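Sending over a structure as structure tokens; questions will come in a sec.
The values are calculated or read from the model by the stated rules, or taken from the named source; none is laboratory data. None of these values were measured; they are calculated from a predicted model. Every residue, glycine as well, gets a Cβ built from its backbone with ideal geometry; the counts of neighbours run over all protein chains shown. Note: accessible area is taken over every heavy atom of the protein model, side chains too, but ligands, DNA and RNA are not part of it. Shrake-Rupley method; radii C 1.70, N 1.55, O 1.52, S 1.80 Å.
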Amino acid sequence: MLILDGKAAAASLRQELAGEVAALEKQYGSRPGLAVILVGQDPASQVYVRNKERACHEAGIHSEAHRLPDTTPQDELLALIDSLNARKDIHGILLQLPLPKHLNSQLCLERIHPEKDVDGFHPVNMGKLTLGLPGLRPCTPKGVMVLLERYNLSPAGKKAVVVGRSNIVGKPLALMLGAPGPFANATVTVCHSGTPNLTEVCREADFLFVAMGRPRCITADMVKAGAVVVDVGINRTEDGLCGDCDYSGLMEKAAAMTPVPGGIGPMTIAMLLANTVQAFQQQCAC
Ligand code: GUN
């Protein structure tokens, strides 16, 4: 069984991006800048934000984290987004989710200028993805597609099953897999909590993508022999981090699969850097 090593792929992508950033700095006399907003004390979010800052630093991207208390009023957060939208040295804005309950995530995400929306969550960018137009794409599903391409695993003409329909992963991933193109062009089925025969549907998949957020819920009996399995889950359990797949019997069944950790997680961060560079290029080309 082939292990799809996202950590190694992300490391080489980050190195390539560092070279691109250096060349852009020579060309434009300025470098890409990313602002990350973190509201509250969610421990997982704090780790993600720290990792994003470190990755930016290593790639030569300017990054700044805006850490706000969990009592921050909605209008204060919107005012911060407005000020970042107006800054010429900030090309990407990322609002770390989840937000504390009193804040309206959708309203805040829609306030980010679409050209600075490096998460690709703004309705304009989600609309562009749906229509097949160029734009900023959500980092996690983009990381999945890039990892497949790096391993020369094309889902074109194959049956792809996506388990999970979130706006962050499942929905955009299904659109990317089903789009025309050499490393896409799959026949896609999306499953969710209302799918009654999940096992049968998953067993049909040549490519199985799991983004449910439920530890070890996809077991070997749900996977077709020789399938490519991509586990997007990151769950914190008493025994540490684990994905949405139960790896015990899967290793013998699948042809290729991503580990957790070290699979899609590092690819997501690499794609955030790639999106920040893309946003910089678009804003500087005007
Ligand atoms: N929280 C979990 N995943 C993500 C992500 O991809 N982007 C943001 N902004 N928050 C997240």
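Just give me a number: lysine pairs in region 1-157, eight or more positions apart or cross-chain, with C-alpha atoms less than 23 Å apart.
11
Just name one of Thr130, Leu78, His113: the one whose Cα is farthest towards the positive end of the charge dipole of region 64-176 (beta-carbon charges, Lys/Arg +1, Asp/Glu -1).
Checking the options against the dipole of region 64-176, the answer is Thr130.
Evaluate the charge dipole of region 221-263 about its Cα centre and quote only its size in Debye, nearest 20, assuming +1 on the Cβ of each Lys and Arg and -1 on the Cβ of each Asp and Glu.
Magnitude of the dipole: close to 180 debye.
For region 1-118, just say rounded, prolate or oblate: build the C-alpha gyration tensor, square-root its eigenvalues into a ≥ b ≥ c, call rounded for a/c under 1.5, and beyond that prolate if a/b exceeds b/c, oblate if not.
Oblate is the answer for region 1-118, as a/c is 1.5 or above yet b/c matches or exceeds a/b.
Further, regarding this structure: Given +1 on the Cβ of Lys and Arg, -1 on the Cβ of Asp and Glu, and no further charges, what dipole in debye does region 1-72 carry about its Cα centre, rounded to the nearest 20?
Working: 8 positive and 9 negative charges, 18 e Å.
Roughly 80 debye for region 1-72.
At 7 Å along Cα-to-Cβ for each site, give me the label-to-label distance between Glu25 and Leu2 in nm.
Label at Glu25, label at Leu2, 3.6 nm between them.
What net charge is computed for the residues neighbouring Lys171, neighbours being all others with C-beta under 15 Å from the C-beta of Lys171, Lys and Arg scored +1, Asp and Glu -1?
Residues near Lys171 contribute +3 overall.
Let me know the shape class of region 1-58, please: from the alpha-carbon gyration tensor, a ≥ b ≥ c as square roots of the eigenvalues, rounded when a/c is under 1.5, otherwise prolate if a/b is greater than b/c, or oblate.
Oblate, because a/c is 1.5 or more while a/b does not exceed b/c.
Per residue, how much accessible surface does region 147-253 expose to a 1.4 Å probe? Answer in Å², no decimals. Don't skip to the answer; put the middle values down first.
Values: 5030 Å² over 107 residues.
Accessible area per residue: 47 Å².
Okay, next question. So, by mean Cβ neighbours within 10 angstrom, what's the order for 162-172, 142-152 with the highest one leading?
Highest to lowest by the protection proxy: 162-172, 142-152.
Charges on Cβ only, +1 for Lys and Arg, -1 for Asp and Glu, centred on the Cα centroid of region 149-236; of Phe183, Ala211, Ile234, which one is farthest towards the dipole's positive end?
Ile234
Could you tell me how far the Cα centroid of region 67-121 sits from the Cα centroid of region 173-210, in Å?
Distance between centres, Cα-based: 32 Å.
Please check: in the Gaussian network model of the chain (C-alpha springs, under 10 Å), which one of Pro123, Pro138, Pro155 has the largest mean-square fluctuation.
Pro123
When you count, for each residue, the other Cβ atoms within 10 Å and take the mean per peptide, how do 234-240, 22-28 rank with the highest first? Could the numbers behind the result be given before it?
Details: 234-240: 10.7, 22-28: 12.6.
So the order, starting with the most tightly packed, is 22-28, 234-240.
As a test of the formula, what do you get for the chain when each DSSP H run with n ≥ 4 contributes -39,500 (n - 2.57) and the sum is divided by the residue count, at 222 nm and rounded to the nearest 500 deg cm²/dmol?
Taking each H run of at least 4 residues, the total per residue is -13500 deg cm²/dmol.
Sort Phe209, Phe121, Phe183 by heavy-atom solvent-accessible area, probe 1.4 angstrom, most to least.
Details: Phe209 0, Phe121 30, Phe183 50 Å².
Output order, biggest surface exposure first: Phe183, Phe121, Phe209.
Residues of region 1-74: accessible area per residue at 1.4 Å, in Å²?
Details: 3840 Å² over 74 residues.
Accessible area per residue, region 1-74: 52 Å².
Another question, then. Can you check what the net charge comes to around Arg216, using other residues whose Cβ is under 12 Å from the Cβ of Arg216 (Lys, Arg +1; Asp, Glu -1)?
-3
With a 1.4 Å probe and all protein chains in place, put His122, His57, His62, His113 in order of accessible area, largest first.
From most exposed to least exposed: His57, His113, His62, His122.
Let's see if you can work this out: charge +1 on each Lys and Arg Cβ, -1 on each Asp and Glu Cβ, no other charges. What is the dipole magnitude of region 127-235 about its Cα centre, in debye to the nearest 20?
260 debye
Label points 7 Å out from Cα along the Cβ direction at Asp75 and Ser193: separation in nm?
3.5 nm
Next question. Check the straight Cα-Cα distances from Lys253 and name the lysines below 20 Å, setting aside those fewer than 8 residues away within the same chain.
Of all the lysines, those that pass the test against Lys253 - Cα under 20 Å, at least 8 places apart if same chain - are Lys158, Lys159, Lys224.
For the chain, report the translational diffusion coefficient in µm²/s to the nearest whole number, using Stokes-Einstein at 4 °C, 1.567 mPa s, and a Kirkwood Rh over Cα pairs.
D = 66 µm²/s.
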